[in-house]
Amino acid sequence: MTSSSFSINNTCVQAFSLKNPLPYEDYVLFQEKSRENRRESILFLEHPLTITGGINYNIDNLLRNEDFLSEHGISLQYIKRGGDYTAHEPGQIVTYVHLDLKKREISISEFLDGVLESAIYSTKKVWDLDLVKNPHAPGLYLSTSPNRKILSMGVLFKSWFTSYGIALNVSNDFSAFQCIHPCGQDWKSMISVSQLGLGSGQDKKKEWILAFQSKFLEHLKPIRDKIST
């Protein structure tokens, strides 16, 4: 794991980039401790093959039973983030942002816009890809093919502290996605950077990570100093 510390607007936000895939349940414990201590950070990582169901999951969107998933090394987790079923696979860039919205006086919509705009900026900078939002379906899509989804999003807001985040498809093979209707859609609507014939090696992933963290942290609102009277 590598880390860097950014002193941004009266606080220190640490960004960590993990080299090895992190089991999903380990992240769940990490985000719970982060919220308990109001400890801000950004994590960039990959997960082993995992399917997660958010608080709005529809069981009809899970296409395989738990025995099948277990036999194929796919973990199934039910969690408290928003949304339906999605999948995590090696080859994605998963970005988890842990931020104290109350202290920073940031609204939920401002936070979500900041995350997505940072992802749009970074993807354009690294791969010259234009991505767009869909007001009816969370995530980011190719501007040239608005039905092709390249980035998934699911965030938890609890006690005005954020966790979970986004997953960009870079070089993953969609083996777990084939077991679900991701966010109620056909998994074949998903696409990755590598499927577009673009570079998807570690150098490109690192470039995206650096661009994202720089762009996102650049526009954070300050934590106001508390003045005793």
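The table below gives the values:
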quantity	calculated
Set of aspartates and glutamates with alpha-carbon distance to Lys221 below 20 Å, sequence-local pairs under 8 removed	Glu40, Asp100, Glu105, Glu110, Asp113, Glu117
Peptide ranges 197-210, 65-78, 117-130 listed from the most packed, as the mean C-beta count within 10 angstrom indicates	117-130, 197-210, 65-78
Span-rule helices in the chain, defined as complete DSSP H runs reaching 15 Å or more along the axis (Cα) with Kyte mean at least -1.0	108-127, 202-218
Prolate/oblate/rounded call for region 29-168, Cα gyration tensor, a/c under 1.5 rounded	oblate
Carbon/sulfur fraction of accessible area - the chain, other protein chains in place, 1.4 Å, %	50
Residue-normalised accessible area of the chain, given per residue in Å² at a 1.4 Å probe	49
Amide H contacts under 5 Å for Ile180, placed H, 5+ residues apart	Leu63
Tensor-based shape of region 35-82 (alpha-carbon gyration tensor, a/c under 1.5 rounded, otherwise prolate or oblate)	oblate
Region 25-100: relative contact order as a whole-number percent, Cα under 8 Å and 6+ apart	49
Trypsin sites (Lys or Arg not before Pro) restricted to region 12-118 and DSSP loop, no more than 15 other C-beta within 10 Å	Lys19, Arg38, Arg39, Lys80
Cα-based shape type of region 86-142, given that a ≥ b ≥ c are square roots of the gyration tensor eigenvalues and the cut on a/c is 1.5	prolate
Computed lengthening from Val132 to Tyr78, 0.36 nm per intervening residue step minus Cα-Cα distance	16.6 nm
Using θ = phi - 60° and Karplus 6.51 cos²θ - 1.76 cosθ + 1.60, couplings along region 149-163 (whole Hz; Gly, Pro as x)	8, 10, 9, 9, 9, x, 10, 10, 10, 9, 6, 6, 10, 9, 7
Dimensionless Rg/Rh of region 117-229 - Kirkwood Rh, Rg from C-alpha atoms	1.05
Length released on extending from Asp26 to Asn147, taking residue separation times 0.36 nm less the Cα-Cα span	40.3 nm
Helical contribution to [θ] at 222 nm, DSSP H n ≥ 4, -39,500 (n - 2.57), averaged over the chain, rounded to 500	-8500 deg cm²/dmol
Point-to-point label distance, Arg39-Lys125, nm (Cα→Cβ direction, 7 Å offset)	2.7
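The values are calculated or read from the model by the stated rules, or taken from the named source; none is laboratory data. It should be emphasised that the depicted structure is a prediction, and the values quoted were computed from it without experimental measurement. With ideal geometry, Cβ positions are generated from the backbone for all residues, glycine too; neighbour counts draw on all protein chains shown. Heavy atoms of the whole protein, side chains included, go into the accessibility calculation; ligands, DNA and RNA do not. Shrake-Rupley method; radii C 1.70, N 1.55, O 1.52, S 1.80 Å.
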